Amino acid sequence: MTHAVLWVLATIAVIAVLYMAFDTHGGGPGTATDVTNSGLAPETPGSFSEGQPAPDFVLPDTQNRKIRLSDYKGKVVIIDFWATWCPPCRAEIPGFIDLYSKYKDKGFVMLGISLDEGGLSDVVPFMKQYKMNYSVLIGNPQVVAAYGGIRGIPTTFIVDKKGMIRARFEGYRPKATFENLITKLLAEK
């Protein structure tokens, strides 16, 4: 074999390896990153359909305070399942920061549920780097199962003032998608 043929084969092999590595950790905006092998996605997902009550949970935040979803009844809540290593998750964060800044005084709550295996040691530095202004909770297999067995991240739920799930999105969505729903739900009595 000539050196040129070996060079081409080596280049193809490197590209294939890089593609597989990138595909394992998320395909970029517009796709969801698979979490089925993370230990957080249950073998048999729970049931889920829009219009059902959002399953209540108690999870620790990054200051180890216990956060209960039911404490936010009467508010519109976004629950975003995400991880620091997930490119489409990272792409959504600036929009969530803006939305929380704009609507937090109008009855809106933003909750990120981190599915990072490293927990606080992964999340806290990331939050500082991205200047995240909303609560981030540390997820567990029970909350993942309660929300239908999250198979890909980001997976985002919109909960209305009555505690009902009004929308579910898997994969990246632009800020406008969430803002349209937030404003509609905030206007409801």
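Leaving out ligands, DNA and RNA but keeping every protein chain, what accessible area does ILE97 have, in Å² rounded to the nearest 10, with a 1.4 Å probe?
So the heavy atoms of ILE97 present about 30 Å² to solvent.
With all protein chains present, how much of the accessible area of the stretch 60-189 (probe radius 1.4 Å) comes from carbon and sulfur, to the nearest whole percent?
50
Please name whichever of SER114, TYR100, PHE126 sits farthest to the positive end of the charge dipole of the stretch 66-140, dipole taken about the Cα centre and charges placed at Cβ: Lys and Arg +1, Asp and Glu -1.
TYR100
To the nearest 20 debye, what is the magnitude of the charge dipole of the stretch 83-133 about its Cα centre, counting +1 on the Cβ of each Lys and Arg and -1 on the Cβ of each Asp and Glu?
Rounded to the nearest 20 debye, it is 280 debye.
With an 8 Å cut-off on Cα pairs and a minimum separation of 6 or more residues, tell me the relative contact order of the stretch 105-189 in percent.
25
Taking the highest mean first, how do the peptides 83-94, 128-139 order by number of other beta carbon atoms within 10 angstrom per residue?
83-94, 128-139
The values are calculated or read from the model by the stated rules, or taken from the named source; none is laboratory data. Here the structure is a predicted model, which means the values were calculated and not measured. With ideal geometry, Cβ positions are generated from the backbone for all residues, glycine too; neighbour counts draw on all protein chains shown. Side chains included, ligands, DNA and RNA excluded: accessible areas come from the protein's heavy atoms. Shrake-Rupley method; radii C 1.70, N 1.55, O 1.52, S 1.80 Å.
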